[in-house]
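Novice: Starting off with a structure, shown below.
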Amino acid sequence: MVKVRQDQPIRDDGSVDLDLWLEHLQDLTEIPDVEEIRRACVMAKQAQDNPEETDDVWTDSNQSSFRTGLEMAQILADLHQDQETLIAAILYRAVRERKLPIERVRKQFSKDIAQLIMGVLQMAAIGSRKNPRIDDSVLGSETTQMDNIRKMLVAMIDDVRVALIKIAERTCAIRAVKDGSRRKRYLVAREVFDIYAPLAHRLGIGHIKWELEDLSFRYLKPNDYKHIAKLLDEKRLDRQSYIDQVVQRLEEELARVDIEGEVNGRAKHIYSIWRKMQRKNIEFSQVYDVRAVRILVPHSRDCYAVLGIVHGLWRNIPHEFDDYVASPKPNGYRSLHTAVFGPEGKVLEIQIRTFDMHEEAELGVCAHHLYKGTDTKSKSDAYEDKIAWLRQVLEWHDDLGESEGFGDMLRGDVAQDRLYIFTPDGHVIDMPKGATPVDFAYRVHTEIGHRCRGAKINGRIVPLNRRLQTGDQVEIMTGNEERPRRDWLNTNLGFVTTARARAKVAHWFKLQAKEQNADAGRGIIVKEFKRLAIDLDELDFDKISAEVNYKTIEDMYAALGAGDLRLSQIINAAQRQVLQEPEEQLDLEFQSSGSSAESKAEGVRIRGVGNLLTTMAACCKPVLGDPIAGYITQGRGISVHREDCINMIQLQEKEPERVIEVDWGEAGETTYPVDIYIEAFDRSGLLRDVMLVMAAEDLNIIAAHSLSDKNENIARLTLTVEISSLDLLGRIMDKINQVPNVMEVHRQRSGVSL
């Protein structure tokens, strides 16, 4: 649920009662010098009433910069931040809106406070390009978005308080944006949801993350938000009565075994309910943790003792138990989660953790009080791991330079779940989900990656594209020479999945001679196009090289060999050229498939409804990208509605058997029947494994022919598959080639293997 905003104490004349506000602040955190906080408040109030610069003042709301500063300080005091952080928060908006010069802050307070404010100003550009109304005197010289992201990360590494202040500021912004325009609400919510809620999660600040997610969800998907809020409100009284009964029973059981714990009901946040419904494709009634209880105990051993009590009272639900105490989440979160059939047979979620675990879950890195430049001597491994991760992001950026999208890499590696992998000597290294032994080798050291020749997982030799799992112990087998393999850069083969490893491999090949890279690139193209059954003589490679932004064919070959250009880009350019030429000339046998189960509605292709007539419902008028569902009408084919259309919701209740799943296809998408020839050493399950590859890519197989030669123990398969592009065809053949025992895969023409 969205957190209720705490306003400042207001006098009858509408002004803030500063004395009462300071008393409240001291209740939240320890303040060594209250008068210094008061001076900051007075300075912010004066800047609000009499700004030193009034021309071209930039603001993003009609809210007072003074009142916003107080609200930010309250949020940070609740996170137990130090006095410098609170002062920087109080003054930040006045500086940002150019009502207060940063030099005045530096003179009247300290250099450290001014640096905190400047760090937050630099971080403000992470979500979008620089606002043209911000003067360069505040933010410094003109920079690209990539440079601003680097500044943000450097600021966070130097002092994580910068990130906390920015998160507090964005929390205030999204709280206040309800009075703004619809566009303003959407833009702020989009930025908060994409950047600051994940950042709060990464830093482990649970209650801030939940508030940001709920508020941004409220503006990004208002209909879904209101629907779930209504369902929660309708059941609130019954649910509270039930929770009170459970809490009383658990308190009695804790007292019986002399465990001094706390038991309370836990509110389920609206966004987390919606996300679970979407992820698991379930209804609201199937969300198990709408009814939830949290138990806090003194020691870790008490967690497991209480877990035994809970499972003794009520039957647990299989596969709904998670032990984040033994295996913490990547952001340091620790707790036991279980779901049981509670009183009256109702599903109940229970979280069990220690008081210290709860503090860390709520405050994250703020609970450690470890900041660069402070006098605090205590250290936290979890905190240091988070800072080390940010340093890795900067290192990846240095490796990639300008050649790849740093924003895409950052989102890709940050958003994924983390794996925890053991080195041979027992050290733990975290990796992105989907990482391979090659990724691990480059994560350990660049030289280890370059010399990687094989890998052992848990003592057994495995392929280098094997996906790692949490708990694996990985040993890299190395050669004497640094010699990465070029096929590591082939994304279809899956040897490298992390941006760091890909950058290291590409950089190694960039250092090789251009002639060597050109020869390698030419060989890659000849091999791939022969496998795709495309005659190189029929293609104009001058046009293809120009389309992929290289002046000459040799430059294109060298770029491909060095890893700067991906083979899929050349294949896509070739296909576009093919589709512009007469089919008789190139003899590609690409005939548009008539069996594709797709239909059109108002010029948009929709999959999943066969050749039935399709119309867009007039009640909700769905457009491309909307979540949709289909209803089988009588005599009018399929009527397509938005999923949240009230008519569709009623139809799902009354006639669910006539509601079918549909989704948007790409406009103008066409599929082609292609024959794929496969030759392999015969074995049991070979055809099944090949079909699994097809199923994983959601491909339609029109025909299949299999013949086994018992004398030579060779199996020959010919599959006719509907393919939409040459790039997809190449990817499918690469994956089939990874199936054990497969010796050869290529495209076949006219029923004769090439």
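Novice: Quick one: putting +1 on the C-beta of Lys and Arg, -1 on the C-beta of Asp and Glu, what dipole do you get for segment 512-586 around its Cα centre, in Debye to the nearest 20? Before the final figure, lay out each step's value.
Specialist: On the way: 9 positive and 15 negative charges, 80 e Å.
In total the dipole reaches around 380 debye.
Novice: While we're here: What length, rounded to one decimal in nm, is gained on full extension from residue 706 through to residue 546, with 0.36 nm per residue of separation minus their alpha-carbon distance?
Specialist: Details: separation 160, 0.36 × 160 = 57.60 nm, distance 4.24 nm.
So the chain would gain 53.4 nm between residue 706 and residue 546.
Novice: I've got another one for you. Just want the ordering: 743, 733, from fewest to most Cβ atoms lying within 10 Å of their own Cβ. Working shown, then result.
Specialist: On the way: 743 11, 733 22.
Ordered from fewest to most neighbouring Cβ atoms within 10 Å, 743, 733 come out as 743, 733.
Novice: Once you put a point 7 Å from the Cα of residue 643 and another 7 Å from the Cα of residue 619, both along the Cβ direction, what distance in nm separates them?
Specialist: Label-label distance for residue 643 and residue 619, simple model: 1.8 nm.
Novice: Can you tell me which of 562-569, 208-215 comes out highest on packing, and rank the rest after it, using the mean Cβ neighbours within 10 Å?
Specialist: Working: 562-569: 19.8, 208-215: 25.1.
Per-residue Cβ counts within 10 Å, averaged per peptide and sorted highest first, yield 208-215, 562-569.
Novice: I've got another one for you. Sequence-distant or interchain residues sharing an amide H contact under 5 Å with residue 628, placed H: which?
Specialist: When sequence neighbours closer than 5 places are left aside, the close amide H contacts are 643.
Novice: To the nearest Å, what is the center-to-center distance of segment 289-310 and segment 486-556, using C-alpha atoms only?
Specialist: Between the Cα centres of segment 289-310 and segment 486-556 lies a distance of 56 Å.
Novice: Full-extension gain between residue 300 and residue 320, please, as 0.36 nm times their residue separation minus the C-alpha to C-alpha distance. Provide the component values of the computation, followed by the final result.
Specialist: On the way: separation 20, 0.36 × 20 = 7.20 nm, distance 2.05 nm.
Taking 0.36 nm per residue and subtracting the Cα distance, the gain is 5.2 nm.
Novice: To make sure I understand, if each residue's beta carbon is the centre and we count other beta carbons within 10 Å, what order do 655, 538 fall in, fewest to most? Don't skip to the answer; put the middle values down first.
Specialist: Values: 655 11, 538 14.
Listed from fewest to most nearby Cβ atoms, that is 655, 538.
Novice: Work from the charge dipole of segment 411-561 (Cβ charges, +1 for Lys and Arg, -1 for Asp and Glu, about the Cα centre) and give the residue of 541, 511, 496 farthest towards its positive end.
Specialist: Of the options given, the answer is 496.
Novice: With only Lys, Arg, Asp and Glu charged, each at its Cβ (+1 for the first two, -1 for the last two), find how big the charge dipole of segment 672-748 is about the Cα centre; round to the nearest 20 debye. Numbers along the way, then the final one.
Specialist: On the way: 7 positive and 12 negative charges, 28 e Å.
Computed about the Cα centre, the dipole is about 140 debye.
Novice: Provide the gained length on full extension for the span residue 688 to residue 20, in nm with one decimal, where the gain is 0.36 nm per separating residue minus the Cα-Cα distance.
Specialist: 233.2 nm
Novice: Please give the charge dipole size of segment 464-505, origin at the Cα centre, charges +1 on K and R Cβ atoms and -1 on D and E Cβ atoms. Round to the nearest 20 debye.
Specialist: Details: 8 positive and 5 negative charges, 45 e Å.
Computed about the Cα centre, the dipole is about 220 debye.
Novice: Using a 10 Å cut-off around each Cβ, can you sort 620, 41 from fewest to most neighbouring Cβ atoms? Working shown, then result.
Specialist: Numbers: 620 18, 41 22.
Least to most surrounded, the residues fall as 620, 41.
Novice: What is the diffusion coefficient of segment 227-365 in µm²/s, taking the Kirkwood radius over Cα pairs and the Stokes-Einstein relation at 10 °C with a viscosity of 1.306 mPa s? It would help to have the intermediate numbers written out before the result.
Specialist: Numbers: Rh = 15.6 Å.
Using the Kirkwood radius from Cα pairs, D works out to 102 µm²/s.
Novice: Roughly how many whole Å is it from the C-alpha centroid of segment 325-341 to that of segment 674-729?
Specialist: What the calculation gives is 43 Å, centre to centre.
Novice: Using only the alpha carbons of segment 154-215, what is the convex hull's orientation-averaged projected area in square nanometres?
Specialist: Working: hull surface 15.9 nm².
Mean shadow area of the hull around the Cα atoms is 4.0 nm².
Novice: Would you please give the FRET efficiency between residue 538 and residue 420, computed as 1/(1 + (r/R0)^6) with r the Cβ-Cβ distance and R0 = 56 Å, to the nearest 0.05? Please list the in-between numbers first.
Specialist: Values: r = 52 Å, r/R0 = 0.92.
Approximately 0.60, to the nearest 0.05.
Novice: Sorted by mean Cβ packing within 10 Å, highest first, what order do the peptides 176-184, 488-496 take? Could the numbers behind the result be given before it?
Specialist: On the way: 176-184: 13.2, 488-496: 21.2.
Highest to lowest by the protection proxy: 488-496, 176-184.
Read-outs throughout are calculated quantities, based only on the coordinates presented, and are distinct from any laboratory measurement. It should be emphasised that the depicted structure is a prediction, and the values quoted were computed from it without experimental measurement. Every residue, glycine among them, receives a Cβ derived from its backbone with ideal geometry; neighbour counts consider all protein chains shown.
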